[in-house]
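The values are calculated or read from the model by the stated rules, or taken from the named source; none is laboratory data. Keep in mind it's a predicted model, so treat the numbers as computed, not measured. Glycine gets a Cβ as well: all are built from the backbone with ideal geometry, and neighbour counts include every protein chain shown.
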Amino acid sequence: MRKNKIFLSLFLIFLVFFTGCAGKDEKEQVRTVQFSWWGNDSRAEYTLKGIELFESENPYVKIEPKFDSWSQYEKNFEEDFETGGCADVMQINFDWLNKYSPDGNGFYDINNLADYVELYNYTLKDLDYGSVNGKLNAIPVAFNTAIPVFDKTFFDENSLKIPSSWDELFSLAKILKQNDRYVFTLSNRHLLFLAVAWFEQTFSKKVFLMDGRLNVSEGELGQIFDFVRRLVQEHVVYSPTRGFRISALKTQKIVGAVLWCNEISLFVKETESLGKNAVLGNFIATPGAKESGWYLKPASMYAIKKDCNNPELAAKFLNFLVNNQDFALMQKNDKGVPVSNKALTALMEKNQLESLQYFALLKIRFNRGSINPMLPVMEDNAVIKSFAKNAFDYAEEKVSKMDAVNAFASLW
């Protein structure tokens, strides 16, 4: 009897010990989630701090970070995607949905992970930007659209009106041209956007179709190039450098810029360094136009690898990136004003929103019904590069209009 009791006691100790260990292993075994993103050193710094915070709150998860500059990240992503080497959670560009997941099967369907991602912080329209064939492939971080911003001090000192129509824009340029100044500095991408806005407002016709094909004739394309030529020759667009140059503000060559919403701080800092103030402009428009001509896109998005080994943990980390309020305060406006209501609330409560970026967000929301979802073709670098080169060559009388039209149209 005594031997039986001893045996039973040892058995119970053995059972408790090993079941306890098994439970601990199952619950607390450290699992790795890979995470990739692009950005500069300051972005890497706060992101790594955010990862430390997440790991401290989830000690059974190890985040394996991988980041690079935008150009290098874009270059490597295609190979990683083809070989299955993508991270579990990855930052992607909006047009990559069309490129890598045209049927919705290129990334994990986050709808199936709704228990781990607080989707109630988004409207259905917000989530539509990341949905393909009814599958939620990605979550938008912030929204972006091209918008004008101006040197307010210059306009105040010269009693000039901030332009909101094309006629007002060219009237301002006529005044500036007298002193060899221009209205805008802008990137090649935003030159295309400006031309598209003017054409679609003027002719109530889309330049591109949803599938990326051109929707204009050679004659209509010639009218677009004529418009860009006018922008250059009449000093609306600062063209000597053929691209965005914020330094042109310091040399008094420009009074404004066309920027992404999340880039507005570049102009604000430059004007403030000169002892001046900046002001947000309106979307340039043709009065009574049926088409807005302006387009909206997510500044960036987060997606989950389609064959992720730990999708629930990946989703939990993705949710941290977009909805955690402490991380939102680390990130602030670096990727634009956040879409997540929870993240946005954190910034508003701590007065962390730069005024012009916040006003840009309000403009986006106020005009949400009329601003079009960005078409992937308008984000295609080959399209942007060809349009800008041929438009500038024609504007500077280096090629004929027909040569410019044919060279650009040859992409299709």
### Message
Looking at residue 326 and the list (1) touching a helix residue (DSSP H, G or I) at 6+ places or on another chain (Cβ under 9 Å); (2) surrounded by fewer than 16 Cβ atoms within 10 Å (Cβ to Cβ); (3) at pLDDT below 95, which single condition is not satisfied?
### Response
(3)
### Task
State yes or no: is residue 256 within 22 Å of residue 166 (Cα to Cα) and of a type outside the set (A, V, I, L, M, F, W, C)?
yes
### Message
Looking only at region 240-268, filter to residues that are touching a strand residue (DSSP E or B) at 6+ places or on another chain (Cβ under 9 Å) and charged (D, E, K, R); which one of those is nearest to residue 156 (Cα to Cα)?
### Response
253
### Query
Within region 31-136, which helices (runs of 4 or more DSSP H) (wholly inside it) include 1 or more residues that are surrounded by 15 or more Cβ atoms within 10 Å (Cβ to Cβ) and out of contact with any strand residue (DSSP E or B) (no Cβ under 7 Å at 6 or more places or on another chain)?
41-57, 70-83, 96-100
### Query
Among the residues of region 340-354, how many are outside any loop (DSSP other than H, G, I, E, B) and not aliphatic (A, V, I, L, M)?
4
### Task
Could you tell me which of the residues 250, 269 is without any contact (Cβ under 8 Å) to a residue 60 or more places away in the chain, more than 22 Å from residue 173 (Cβ to Cβ) and among the basic types (Lys, Arg)?
269
### Query
Residues of region 137-164 being among the hydroxyl-bearing types (Ser, Thr, Tyr), closer than 15 Å to residue 256 by Cα and not in a helix (DSSP H, G or I), which ones?
164
### Task
For region 151-160, state whether one or more residues are in contact (Cβ under 8 Å) with a residue 60 or more places away in the chain and among the small types (Gly, Ala, Ser).
no
### Message
So, residue 127, is that one hydrophobic (A, V, I, L, M, F, W, C) and within 28 Å of residue 103 (Cα to Cα) or not?
### Response
yes
### Summary
Residue set 177, 152, 135; condition charged (D, E, K, R), over 19 Å from residue 231 (Cβ atoms) and outside the structural domain of residue 334 (by TED's automatic domain parsing); output residue 152
### Summary
Out of (1) farther than 30 Å from residue 358 by Cβ; (2) under 24 Å from the mean Cα position of the chain (by Cα), the one residue 125 does not meet is (1)
### Query
For region 180-196, does any single residue satisfy the condition of being touching a residue at least 12 places away in the same chain (Cβ under 8 Å) and exposed (fewer than 15 other Cβ atoms within 10 Å of the Cβ)?
yes
### Query
What pairs come up if the first residue lies in region 99-113 and is touching a residue at least 24 places away in the same chain (Cβ under 8 Å), the second is among the small types (Gly, Ala, Ser) and in a helix (DSSP H, G or I), and their beta carbons are under 6 Å apart, counting only those six or more places apart or on different chains?
113/315
### Summary
Scanning region 262-280 for residues that are small (Gly, Ala, Ser) and in a helix (DSSP H, G or I), the one surrounded by the fewest Cβ atoms within 10 Å (Cβ to Cβ) turns out to be 273
### Message
Considering only residues that are surrounded by fewer than 22 Cβ atoms within 10 Å (Cβ to Cβ) and of a type in the set (Val, Ile, Thr), which ones fall in region 146-165?
### Response
153, 162
### Task
Restricting attention to region 355-379, report how many residues are surrounded by fewer than 17 Cβ atoms within 10 Å (Cβ to Cβ), touching a residue at least 40 places away in the same chain (Cβ under 8 Å) and assigned to a loop (DSSP other than H, G, I, E, B).
3
### Query
Do you know which residues across region 233-261 are surrounded by fewer than 21 Cβ atoms within 10 Å (Cβ to Cβ) and assigned to a helix (DSSP H, G or I)?
233, 247, 248, 250
### Message
Looking at (1) in a helix (DSSP H, G or I); (2) out of contact with any His (no Cβ under 8 Å at 6 or more places or on another chain); (3) surrounded by 16 or more Cβ atoms within 10 Å (Cβ to Cβ), which one does residue 173 not meet, given that it meets all the others?
### Response
(2)
## Note on the structure
Residues of region 197-212 being touching a Leu at 6+ places or on another chain (Cβ under 8 Å) and surrounded by 13 or more Cβ atoms within 10 Å (Cβ to Cβ), in sequence order, are 207, 208, 212
